[in-house]
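The values are calculated or read from the model by the stated rules, or taken from the named source; none is laboratory data. What you see is a predicted model; the values in this text were computed from it and never measured. For neighbour counting, all protein chains shown are included, and Cβ atoms are generated from backbone atoms with ideal geometry for every residue, glycine included.
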Amino acid sequence: MTTTNDTIFALSSGRPPAAIAVVRVSGPRARAALEALTGRVPQPRQAALANVRDAATGEAIDQALALWFPGPRSETGEDVAELQLHGGRAVIAAVLAALGRIPGLRMAEPGEFTRRAFEHGQLDLTQVEALADLVGADTEAQRRQAFQQMRGLLGDRAEDWRTRAIEALALVEAAIDFPDEGDVPKGLIARALAIAQPLADEIGAALTGAARGERLREGLLVVIAGPPNAGKSTLLNRIAKREAAIVSPTAGTTRDVIEVHLDLNGYPVNLIDTAGIRESSDDPVEHEGMKRAREQAARANLVLWVVDAASADAPRPPQVPGVSQWTIINKMDLVRPQELPRLEWRFKTKADAHFISASTGAGLDALIDAVVEFAERYFTLEPALVTRERQRWVLSEVVQSLAEANALAGQGRGEELIAEQLRLAASALGRLTGRIDVEDILDAIFRDFCIGK
Ligand SMILES: Nc1nc2c(ncn2[C@@H]2O[C@H](COP(=O)(O)OP(=O)(O)OP(=O)(O)O)[C@@H](O)[C@H]2O)c(=O)[nH]1
Ligand SMILES: [Mg+2]
């Protein structure tokens, strides 16, 4: 295992060649490394031009901007040196080799800079997760969510929740420690519940937005499904603006699930094309394809059920709760004018019917606008507090423990049992942010307590 006493270095910028490459060094020997390579240490947090040399051979490598961030006011909380080099592969290789030759320095492992930032208290765990999301964000809405998380949207709330859970715990512990039987312990339990109950409600409310937050990370799931040959793959290709799926006049062309990732007005959308669904088929591959199509449709946010205008009356699949379903009447270019009124009459009461031609593109802009509106409604502007499964699991545990504490108190059960549930809630909240020192805080709160002693 690695030790945090090591001084680590890495190329922090993207894949070379590029105009600039950023190499960072973090740890107790960062200053020595900067001196060895550039012969100087600039003023803290001020860029300085520097000649970079290999300390071992004395050979000049590059001219760079050097920066010096003495800890703890640095990204990792340790001493950090940064070199902004010319971003060629050979330059980077030579600088990394030169750093590697300095005793006490080694290449960083993936995520190690962030890990050190966490270990030195610069970031809590929710912020670490947000940092990963920010780097991975493809769309504007994802960026916004990740950035808010990184600024502590959930982490700060979780710390507040944890403090309140520990306050409630301290009250119950005080009731346990109280020497006399009588009304005082009961009063303390009541005060603890007055904290725990609203806390459970508040965390429960935060959890209601969790599906939305997780979905924004992964992308809204829009599944194109329908009978064979209706033009599903043609529609996917049209929206994706590329030939992602094979299109052919043979029914049963698409067998597997085909997925494209789209940025629709800043919202991430995963658009999925599936095998045509029909009642009878002896082909085991087609059967498997239909099974996958149904599975995708069942976990979608929105199903675009595509039908051929010539057979628009074909039966639709059953509605799945929580999954919106629109009917897309395709191949409108083939509809003769005299048939139009009948078709329109058939769907006139349906707000969720769209008439399109995937071949000519007619009606597509309106359909895409409707999907964007759907995404806007789904994600809303209110930022989601919970954006990851891990966070959802931990907070569900907290709500469960708080509810259990309330239930136990309601049954007049022992204070020890109530305390145990509150302790579980507090330590789960500690796990959420990575701060798990319940006992320390408990001691601090106890010191301030005055219950007549
Ligand atoms: N005229 C016309 N033909 C279309 C339209 N959309 C698709 N087609 C044609 O219909 C045939 C089937 O299209 P696909 O996109 O492969 O249909 P699919 O629903 O993916 O079919 P499966 O994958 O077999 O389930 C192809 O020959 C397309 O060119 C349309 O709007 N108008
Ligand atoms: Mg297809």
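Check off (1) part of a helix (DSSP H, G or I); (2) at pLDDT 95 or above for Ala358 and give me the number that stays unchecked.
Status for Ala358: all satisfied but (1).
Being in a loop (DSSP other than H, G, I, E, B) and more than 9 Å from ligand 1 (Cβ to nearest atom) is the filter here, so list the residues in region 275-290 that pass it.
First pass over region 275-290, keeping only residues in a loop (DSSP other than H, G, I, E, B): 275-283.
Those that are in a loop (DSSP other than H, G, I, E, B) and more than 9 Å from ligand 1 (Cβ to nearest atom): Glu279, Ser280, Ser281, Asp282, Asp283.
For region 291-321, which positions are crowded, with 19+ Cβ neighbours inside 10 Å and either free of Cβ contacts under 8 Å to residues at least 12 places away in the same chain or in a loop (DSSP other than H, G, I, E, B) (or both)?
Listed by number, the residues that qualify are Ala300, Asn301, Ala312.
Which residue, of Ala309, Ala298, is closer than 22 Å to Glu259 by Cβ and of a type outside the set (Asp, Glu)?
Working: Ala309 fails: closer than 22 Å to Glu259 by Cβ.
So the residue among Ala309, Ala298 that is closer than 22 Å to Glu259 by Cβ and of a type outside the set (Asp, Glu) is Ala298.
Tell me, please, whether a residue that is at pLDDT 95 or above, under 30 Å from Gln142 (Cβ atoms), crowded, with 17+ Cβ neighbours inside 10 Å and of a type outside the set (Val, Ile, Thr) can be found in region 237-246.
So far as region 237-246 goes, yes, one or more of its residues are at pLDDT 95 or above, under 30 Å from Gln142 (Cβ atoms), crowded, with 17+ Cβ neighbours inside 10 Å and of a type outside the set (Val, Ile, Thr).
With respect to Arg191, determine if the residue is in contact with a Gly (Cβ under 9 Å, 6 or more places away or on another chain) and either more than 8 Å from ligand 1 (Cβ to nearest atom) or in the same structural domain as Gln296 (by TED's automatic domain parsing) (or both).
Working: in contact with a Gly (Cβ under 9 Å, 6 or more places away or on another chain): no; either more than 8 Å from ligand 1 (Cβ to nearest atom) or in the same structural domain as Gln296 (by TED's automatic domain parsing) (or both): yes.
Against the criterion (in contact with a Gly (Cβ under 9 Å, 6 or more places away or on another chain) and either more than 8 Å from ligand 1 (Cβ to nearest atom) or in the same structural domain as Gln296 (by TED's automatic domain parsing) (or both)), Arg191 does not qualify.
Output yes when any residue across region 166-176 is under 30 Å from Arg215 (Cα atoms) and at pLDDT below 95, and no when none is. Before you say what the answer is, go through the steps one by one.
Of all residues in region 166-176, those under 30 Å from Arg215 (Cα atoms) come to none.
Scanning region 166-176, I find no residue that is under 30 Å from Arg215 (Cα atoms) and at pLDDT below 95, so the answer is no.
Any idea which residue in region 24-75 is nearest to the chain's Cα centre (by Cα), counting only those that are under 17 Å from Leu96 (Cβ atoms) and among the charged types (D, E, K, R)?
Arg24
Test Lys331 against the stated conditions and say whether it is modelled with pLDDT of 90 or more and more than 10 Å from ligand 1 (Cβ to nearest atom).
Values: modelled with pLDDT of 90 or more: yes; more than 10 Å from ligand 1 (Cβ to nearest atom): no.
Here the answer is no, as Lys331 does not meet what is asked.
What is the one condition in (1) among the basic types (Lys, Arg); (2) farther than 13 Å from Ala358 by Cβ; (3) within 16 Å of ligand 1 (Cβ to nearest atom) that Arg212 does not satisfy?
Every condition holds for Arg212 apart from (3).
Between Ala108, Ala97, Ala141, which is touching a residue at least 40 places away in the same chain (Cβ under 8 Å) and in contact with a Lys or Arg (Cβ under 9 Å, 6 or more places away or on another chain)?
Numbers: Ala97 fails: in contact with a Lys or Arg (Cβ under 9 Å, 6 or more places away or on another chain); Ala141 fails: in contact with a Lys or Arg (Cβ under 9 Å, 6 or more places away or on another chain).
None of the others qualify; the one that does is Ala108.
Under 6 Å between Cβ atoms, at least 6 apart or on separate chains: pull out the pairs that start in region 244-265 with a residue that is farther than 22 Å from Lys291 by Cβ and end on any residue that is part of a loop (DSSP other than H, G, I, E, B) and more than 8 Å from ligand 1 (Cβ to nearest atom).
Asp263/Thr139
Would you point out which residue out of Phe379, Phe347 is of a type in the set (Phe, Trp, Tyr) and surrounded by fewer than 18 Cβ atoms within 10 Å (Cβ to Cβ)? Don't jump to the end; show me each part of the working.
Working: Phe379 fails: surrounded by fewer than 18 Cβ atoms within 10 Å (Cβ to Cβ).
Exactly one of Phe379, Phe347 is of a type in the set (Phe, Trp, Tyr) and surrounded by fewer than 18 Cβ atoms within 10 Å (Cβ to Cβ), namely Phe347.
Need a quick list: strands (runs of 3 or more DSSP E) entirely within region 37-90 having at least 3 residues that are surrounded by fewer than 18 Cβ atoms within 10 Å (Cβ to Cβ) and touching a strand residue (DSSP E or B) at 6+ places or on another chain (Cβ under 8 Å).
Working: elements: 48-53, 60-69, 80-87.
It comes to 48-53, 60-69.
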